[in-house]
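Novice: Supplied in C-alpha cells, the structure appears directly below.
What follows draws every value from the coordinates through simple rules; no lab data is involved. Please read all numbers here as calculations on a predicted model, not as lab measurements. Here the Cβ positions follow ideal geometry from the backbone for every residue, glycine too, while neighbour counts run over all protein chains shown.
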Amino acid sequence: MAAVVLVSVRDLEERYALYFEAFELFSVVVFSAEYLSRLWSCVTDPRYVRPVAGRLRFAATPMAVVDLLAVMPFYIGLVGIDLRFIRSLRLLRIVRVAKVGRYVKALQLFSKVLGAKREELVLTLGMMLLLLIIASCFMFYVENPVQPEHFSDIPHTMWWAVATFTTVGYGDVYPVTGLGKFLAGIVAILGIGLFALPTGILGAGFVEEMQKRKGRRRCPHCGREIDGA
C-alpha cells in the first residue's frame, strides 16, 4: 500500500521507477501464488468439495474476488490492451488492503459485528434515504422560486440535503428564505440524531461480541474453544 501511495508522486516515480516496478512484480508473484494455492486447496473445505464446481464457487466468494482483483491489472497489461485503460485499472491494487482482514483479529471482529447488526444497519440506512428524499422535496418547493440556479430540481437539491444531514455544510448551497432556513435547521438537528443511530448500533454490537469472546473458554494446550456443555 505504501508503494501504491508513493508511486503517485511524480518525482519519486521518476527517480525510483525501477524499484517500484521490481516491488510490484514481487508483490504480484506472491499474491498470484497465494490465490492459486487457495484455489487449488479449497476442495478440502466441505463447501467446495467438488473439483470443478467447488473451485468455481470458491472463486466467486468476496475474498477470492479481492485476491483476483489485486493481481488482475498487472496481467491485463501484458496482453497489449490500451494503456489508458491499464492506468485506470492500476487503482484496483488498492483492494489489496482488504486482504489484511484475513490476518488482523480486529478487522475480523468488525466484520462479525457488521454481520450481526446488518438488519438494524439496513433499517437505519433506509430511514436516512427516506428523510433525505423528503427533505430534498420540501426544500426544492420552498427555495426553487428564489434560487432556481441552486435548487433547480430535486436531484440537485439532494446535494444540499446530504451536506446538511452529515453536518458538513460546505456553504455552496444554502436556503435564503425564512421557511427554508427553518426547514434547514430541522434537517440539521435530525441529521445529528440520525447519524448517531448506526454509531450506537455498532457500539452495542462491539460490546456484545467482546462479552461473548470473554465468556469463551479455550484449551490451554491447543487454543481451541471448549464447548460449554
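Novice: In whole Hz, what ³J(HN,Hα) sequence does the stretch 180-195 give by Karplus (6.51, -1.76, 1.60; θ = phi - 60°), x for Gly and Pro?
Specialist: Using θ = phi - 60°, the values come out as x, 5, 4, 5, 4, x, 5, 4, 4, 5, 4, x, 4, x, 5, 6 Hz.
Novice: Looking at the square roots a ≥ b ≥ c of the eigenvalues of the Cα gyration tensor of the stretch 1-78, which shape do they give, rounded for a/c under 1.5, prolate if a/b is larger than b/c, or oblate?
Specialist: prolate
Novice: Pull out a ≥ b ≥ c, the square roots of the eigenvalues of the alpha-carbon gyration tensor of the stretch 113-152, then state rounded if a/c is under 1.5, prolate if not and a/b is larger than b/c, and oblate in the remaining case. Don't skip to the answer; put the middle values down first.
Specialist: On the way: a/c = 8.09, a/b = 4.21, b/c = 1.92.
Taking the square roots of the gyration eigenvalues as a ≥ b ≥ c, the stretch 113-152 is prolate.
Novice: Still on this structure, please answer the following. For the pair residue 213 and residue 52, what calculated FRET efficiency results from E = 1/(1 + (r/R0)^6), where r is the Cβ-Cβ distance and R0 = 41 Å, to the nearest 0.05?
Specialist: 0.60
Novice: How large is ³J(HN,Hα), in whole Hz, for each residue of the stretch 120-134 in order, when computed from phi with the Karplus curve 6.51 cos²θ - 1.76 cosθ + 1.60 and θ = phi - 60°, using x for Gly and Pro?
Specialist: Rounded to whole hertz, the list is 5, 5, 5, 4, 5, 4, x, 5, 4, 5, 5, 5, 4, 5, 4.
Novice: Hey, which lysines would be in cross-link range of residue 105, C-alpha to C-alpha under 28 Å, not counting anything within fewer than 8 residues on its own chain?
Specialist: By straight Cα distance, residue 105 reaches 117, 212, 214.
Novice: Excluding residues on the same chain fewer than 8 positions from residue 181, give the aspartates and glutamates whose Cα lies under 20 Å from its Cα.
Specialist: Filter leaves 143, 149, 153, 172.
Novice: Could I ask something else about it? Residue-wise, which Karplus ³J(HN,Hα) couplings in Hz belong to the stretch 196-210, taking 6.51 cos²θ - 1.76 cosθ + 1.60, θ = phi - 60°, and x for glycine or proline?
Specialist: Result, ordered by residue: 6, 4, x, 5, x, 5, 5, x, 5, x, 5, 4, 4, 5, 5 Hz.
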